[in-house]
Amino acid sequence: MLLKKTVVMVGMMGAGKTAVGTALARLVGVPFLDSDEEIVKAADRSIAEIFERDGEAFFRARETEVLARLLRGAPCILSTGGGAFLAEGNRRLIAGQGVSVWLRADLDVLWNRVRHKATRPLLRTANPRETLRALYEARLPFYQMAEITVDSTADCSVEDMARRVVAALAARPDVLEGN
């Protein structure tokens, strides 16, 4: 298989962007990168520390810089943070140099995947499920702008999801050649 553009995984926390992206990269034979990890490396601080010390606006500016740099590189599978696709500038960058793939999962599936994880700072609230619902509803209109949508269900393994994404990409000869 020949990947012609970077595939940018977008969606809510718990949708499987990192897990599916990693499996997808193996299937296609290209590197997997995570924009949040790249930001942490560049800043030499955790995302929580960046938010606390410099604020969300600073983090979002670094996120856009990192996305632009990674999109200029060789085609790869790129996982983004859940909020990255909300910014119009990021969506333009992705559409101009890559292809966006929304891993769509319903709220119950997302909740079951994230409810026991302490690594989700946005869910450190009095009612984390309600917080997740509010985020989900606010972000849906943005995720719906993705070029490709692949549905994630509770009974679908990471490997099966990666194969679903490959099938969706294979329908786009401008993105993936040979299967």
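Between Ala42 and Arg26, what is the label-to-label distance in nm when each label sits 7 Å out along the Cα-to-Cβ direction?
That separation, rounded to one decimal, is 2.9 nm.
Please compute the contact order of region 2-171 in relative form: average sequence separation of alpha-carbon pairs under 8 Å and at least six residues apart, divided by the residue count, as a percent.
Across region 2-171, relative contact order equals 35 percent.
Please work out how much length the chain gains when fully extended from Glu49 to Leu140, using 0.36 nm per residue of separation minus the C-alpha to C-alpha distance, in nm with one decimal.
Taking Glu49 through Leu140 to full extension adds about 30.0 nm, to one decimal.
Would you work out which of Thr22, Gly11, Leu71 lies farthest towards the positive end of the dipole of region 2-171? Charges go on Cβ: Lys and Arg +1, Asp and Glu -1.
Working it through, the farthest residue towards the positive pole turns out to be Leu71.
Apply 1/(1 + (r/R0)^6) to the Cβ-Cβ distance of Met1 and Val158, taking R0 = 25 Å, and write down the FRET efficiency to the nearest 0.05.
Efficiency computed from Cβ-Cβ geometry: 0.85.
How far apart, in nm, are the 7 Å Cα→Cβ label points at Arg124 and Arg69?
Here the modelled spin labels are 2.6 nm apart.
Quote the FRET efficiency, to the nearest 0.05, computed for Asp108 versus Thr18 with a Förster distance R0 of 25 Å and r equal to the Cβ-Cβ distance.
Computed FRET efficiency for Asp108 and Thr18 comes out at 0.75.
On a straight-distance basis, which aspartates and glutamates could pair with Lys5 in a cross-link, Cα separation under 18 angstrom, same-chain partners fewer than 8 positions away excluded?
Counting by Cα, and skipping residues close in sequence, Lys5 has these aspartates and glutamates nearby: Asp34, Glu147, Asp174, Glu177.
With charges only on Cβ, +1 for K and R and -1 for D and E, what is the dipole size of the chain about its Cα centre, in debye, rounded to 20?
Dipole magnitude for the chain comes out near 60 debye.
Let me have the 222 nm mean residue ellipticity of the chain computed from DSSP H runs of 4+ only, each contributing -39500 (n - 2.57), with the sum over all residues rounded to the nearest 500.
Computed ellipticity for the chain at 222 nm equals -16000 deg cm²/dmol.
Starting from the 7 Å offset along Cα-to-Cβ, what nm value, one decimal, do you get for the label separation of Ala170 and Arg92?
Computed distance between label sites Ala170 and Arg92 equals 3.6 nm.
Bear in mind these aren't lab numbers, they're just calculated from the coordinates by the rules spelled out. Everything numeric in this text was worked out from a predicted model, so none of it was measured. Neighbour counts run over all protein chains shown; Cβ positions are idealised from the backbone, glycine included.
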